[in-house]
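Undergrad: First, the structure itself, so that you have it in front of you.
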Amino acid sequence: MRHLGAIILSHEQAEDLSHLLPWKGLSQQQLESLVEETGQPISGFLLLSTCNRVEIIYSIEDPSLHATFYERMLSLLPSVNGLHPVFKTGRPVARHLLRLAAGLESMVLGETDIRHQMKEAKAAAIEAGHLDYRLRSMLQAVFKHSRYVRSFIPANLPLSVSSLAVRFLEEALGGLDSSSDPIAIIGSGPMSRHTAEYLSKWGASNLIWINRTIEKIENDANRLGTKVLSLAEFQANPSIAGRLRAIVSATSSEHPIITTELVERLSVPSLTLVDLALPSDVSPSLENRPGVQLISLDRIRTRLEANRKQREEAASRAETAVEESLFRLESELIHSMSGPILKELQKDIRNQAQKRLEGLLQGRLSHLNARDRRILYDWAIRSHREMNRIHRSGVEQILRNYFVEEPARGSGS
């Protein structure tokens, strides 16, 4: 695990989520260029970018170069207004990934969206050829063991930002089934997909799903029975969506897509806007507009802070499960490595022993007769069999000391 590192910028580092914006536009391809520019021996990496965090998870060939890579990356990445991204190496990275996948580090305790986003980041890294065997093995173990940690979080707490947003929307509308007027969802990412699912499940019968590329949402829209519309069509003629009573937007657009002009062309007496995007999908000019009610990420965060005590109690119960799962994760990784390493070790010992024996028989022991040579060969074979009886636990202990123990300098803080 000493080879693993993480550079983290999240909602925990500032009151205003806008501090994430300089890194939000970073793509997997751009990150590849930056990693190459550092000149460090990075064997694998992935980019996790969500509405409330941006993380670079990586694997380095030489653990002594973690700090050098971190400093070099900070000099290449956009400035984040004086904030210092969190830097973890080794075992703390595994702990962080476990907590992250279980929803313990999210704005909403126990949310499930982050797990899907982590899997999508993994898939993108695999497709780009950026995921090495260390990261692949670690993420597979993390996804497996985080389910156990997740089981300690009460089911009555909000499970995701999207579910909490739908609850806000339900309150604002006086019930999702209070009117037959449509609700629009804009975007194709996990946040939009889960929002559509929650709306459909909790009683909203008239949904319109809008996206730049219809093909990205067609399958899910058909499954949920929602109508589909292209963003270009909607922006050109907003009234085509009907008398909208609400719009939930979670796109990756760099500029607002819900503008004052678009809302005016909708010609509806009241409209509730749920903005789950960063940067914002809603124009600032709509914040205090009569007839418009805005539900933003900051408002959701305020609600979460009000429930801090309840969330902290649940998180405390889950922390013991994190340490237990981390131990299991480490043991499984070490066990999976010990077999191949033991096999190679035995092969190397056999080859070296055979080479030295042949050297002796051709040199100082060349005078031996056939019978003595056979006795010597039988002794060598028995010795090799004894060496093959090296217990796996001994190799695993060596691996634990090499791969798990943190360097004395304590860079894994």
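The values are calculated or read from the model by the stated rules, or taken from the named source; none is laboratory data. Given the structure is predicted, the values throughout are model-derived calculations rather than measurements. Heads up, the Cβs are rebuilt from the backbone with ideal geometry, glycines too, and the neighbour counts pull from every protein chain shown.
Undergrad: Every residue in the range 165-175 that is on the phi < 0 side of the Ramachandran plot and surrounded by fewer than 22 Cβ atoms within 10 Å (Cβ to Cβ), please.
TA: Arg167, Phe168, Glu170, Glu171, Ala172, Leu173
Undergrad: Out of all the residues in the range 95-111, is one or more touching a residue at least 12 places away in the same chain (Cβ under 8 Å) and among the β-branched types (Val, Ile, Thr)?
TA: yes
Undergrad: Checking the condition of a type in the set (S, T, N, Q) and either in contact with a Cys (Cβ under 8 Å, 6 or more places away or on another chain) or at pLDDT 90 or above (or both), which residue from Thr112, Thr89 passes? Please lay out each step first, then the result.
TA: On the way: Thr112 fails: either in contact with a Cys (Cβ under 8 Å, 6 or more places away or on another chain) or at pLDDT 90 or above (or both).
Within the list Thr112, Thr89, the selection yields Thr89.
Undergrad: Sticking with this one: Does Ala123 meet the test of being modelled with pLDDT of 90 or more, in the same structural domain as Leu34 (by TED's automatic domain parsing), surrounded by 17 or more Cβ atoms within 10 Å (Cβ to Cβ) and hydrophobic (A, V, I, L, M, F, W, C)? Working first, answer last.
TA: Details: modelled with pLDDT of 90 or more: yes; in the same structural domain as Leu34 (by TED's automatic domain parsing): yes; surrounded by 17 or more Cβ atoms within 10 Å (Cβ to Cβ): no; hydrophobic (A, V, I, L, M, F, W, C): yes.
No; evaluated as a whole, the condition is false for this residue.
Undergrad: What is the number of the single condition among (1) farther than 21 Å from Asp275 by Cβ; (2) under 19 Å from the mean Cα position of the chain (by Cα); (3) buried (at least 16 other Cβ atoms within 10 Å of the Cβ) that Ser27 does not meet?
TA: (3)
Undergrad: Still on this model: Got at least one residue in the range 60-68 being in contact with a Leu (Cβ under 9 Å, 6 or more places away or on another chain) and of a type in the set (Ser, Thr, Tyr)?
TA: No, the conditions are met nowhere in the range 60-68.
Undergrad: Right, here's the next one. Can you pull out the residues in the range 50-97 that are surrounded by fewer than 22 Cβ atoms within 10 Å (Cβ to Cβ) and among the aliphatic types (A, V, I, L, M)?
TA: Leu65, Ala67, Leu74, Leu76, Leu77, Val80, Leu83, Val86
Undergrad: So, in the range 328-353, of the ones that are among the small types (Gly, Ala, Ser) and surrounded by fewer than 15 Cβ atoms within 10 Å (Cβ to Cβ), which residue ends up modelled with the highest pLDDT?
TA: Ser331
Undergrad: Continuing with this model, one more query. Which of the numbered conditions does Ala141 fail, given that it passes all the others? Conditions: (1) surrounded by fewer than 19 Cβ atoms within 10 Å (Cβ to Cβ); (2) out of contact with any Ser or Thr (no Cβ under 6 Å at 6 or more places or on another chain); (3) over 30 Å from Ser270 (Cβ atoms).
TA: (1)
Undergrad: If you don't mind, there's one more thing I want to ask. Return the total of residues in the range 184-203 being at pLDDT below 90 and either aliphatic (A, V, I, L, M) or farther than 24 Å from Arg115 by Cβ (or both).
TA: 2
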